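This report refers to the structure that appears directly beneath it.
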Amino acid sequence: MRALAAGIALMLAPLQALAFDYQLTAREIAPDTYVVPGRMEHFNRANGGNIVNTGFVVTSAGVVVIDSGPSLDYGRQLRQLIGTVTDRPVRLVLITHAHPDHYLGNSAFGDVAISALDGTRAEIAGTPPALLDGIYRLVGDAMAGTTLIPPTGVVAKGPLVVGDHDLELLALDGHTRADLAVFDRTTGTLFAGDIAFLDRTPTTPQADIDHWLAALDRLRALPAKLVVPGHGPVAPPPQAFDQTAAYLTWLRQALFAAAARGLDAPEVIDMKLPEEFAGLAVARAEFARTVAHLYPTFERSVLSDK
């Protein structure tokens, strides 16, 4: 009956709520714990920006949502999907970091507490309007009505008990300046945010590789049974940790070596990728973006040593 009621509500929703049908599905990966998988792609009009894993945990005190997704449409449909699973209200939305695919669904949760690390909240609040303009151009109608809503609350590292679930919040950095991971000790499920990728090339617009590798080591120390990466399939540890760390380690070595040889950016972009990384989703395009993001730092480092 719950699923039928949710379906009727969806049909009766305003037309603008269905400007783009994300066809979201919830996969139960542990008791009361669900992941909503995204596509292993870049933003485009066909996927509506749905390239991110979001998730939710149904507790006795209400639902905790981890990341709200890339648009108002996505956030609305995520709430409708949650309604097919439980009658309990959404109590809290946790945003893992300040990349738009993870938080632009906030505008669908205006009646709910939305929280993030202080650094994440400040970064989202300071996001220039041009970011939304750029995503509109990439995604099109799926962004209709989306506005930038910063988190209203701040969380810090440490325990967070919500109903019958004992969560632990980890304050990390490396992928961005503030990266939140959520470990549910009740089920052993770790929502790693974009500190972990699996079978999808890591994104690096704000990366500090050394800090990122240190963050992965902190996650390895947790007694997790399952890891939900920010992008890619759910798997037991240490698969996502190992693959992400291996890519970042290779990337650091490759960019430093290229800078030491005096290669310019187009030459670096044309480099052959190792076989173990060439098969990752969006590998070639993401590597080109990484060269644009990070290579100047390696060039300056080499020049400063001379």
**Asked** Helices from the chain with mean Kyte-Doolittle at least -0.5 and a Cα length along the axis of 18 Å or more, per DSSP H: which?
**Response** 72-85, 239-260, 283-304
**Message:** As I understand it, the dipole of the chain uses +1 on the Cβ of Lys and Arg and -1 on the Cβ of Asp and Glu, about the Cα centre. Which of 240, 63, 298 lies farthest toward its positive end?
**Reply:** 63
**Asked** In whole Å, what is the distance between the alpha-carbon centres of the stretch 38-77 and the stretch 241-263?
**Response** 31
**Prompt:** Is the stretch 154-206 best put as rounded, prolate or oblate by its Cα gyration tensor, with a ≥ b ≥ c the root eigenvalues, rounded for a/c under 1.5, and otherwise prolate when a/b is larger than b/c, oblate when not?
**Reply:** oblate
**Item:** Relative packing of peptides 83-96, 277-290 - highest average C-beta neighbours within 10 Å first
**Value:** 83-96, 277-290
**Request:** Could you work out the per residue convex hull volume over the alpha carbons of the stretch 162-271, in cubic angstrom?
**Result:** 95
**Request:** Please sort 131-138, 118-125, 176-183 by packing, taking for each peptide the average over its residues of neighbouring beta carbons within 10 angstrom, highest first.
**Result:** 176-183, 118-125, 131-138
**Item:** For the chain, with +1 on Lys and Arg beta carbons and -1 on Asp and Glu, the positive-most of 54, 175, 40 along the dipole
**Value:** 54
**Message:** Order 246-253, 222-229 from most to least packed using the mean count of other Cβ atoms within 10 Å.
**Reply:** 222-229, 246-253
**Prompt:** For the stretch 36-100, what is one quarter of the convex hull surface built on the Cα atoms, given in nm²?
**Reply:** 4.4
**Message:** I need the shape label for the stretch 106-223. Rule: rounded when a/c is under 1.5, else prolate if a/b > b/c, else oblate, with a, b, c from the alpha carbon gyration tensor.
**Reply:** oblate
**Charge sum, other residues only, whose C-beta stays under 11 Å from residue 31's C-beta, Lys/Arg counted +1 and Asp/Glu -1** = -4
**Prompt:** How many percent of Cα pairs in the chain exceed 31 Å?
**Reply:** 29
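Where a number appears in this text, it was derived from the coordinates with a stated rule and is not lab data. Quick caveat: nothing in here was measured; it's all calculated off a predicted structure. Glycine also receives a Cβ, built like all others from the backbone with ideal geometry; neighbour counts cover every protein chain displayed.
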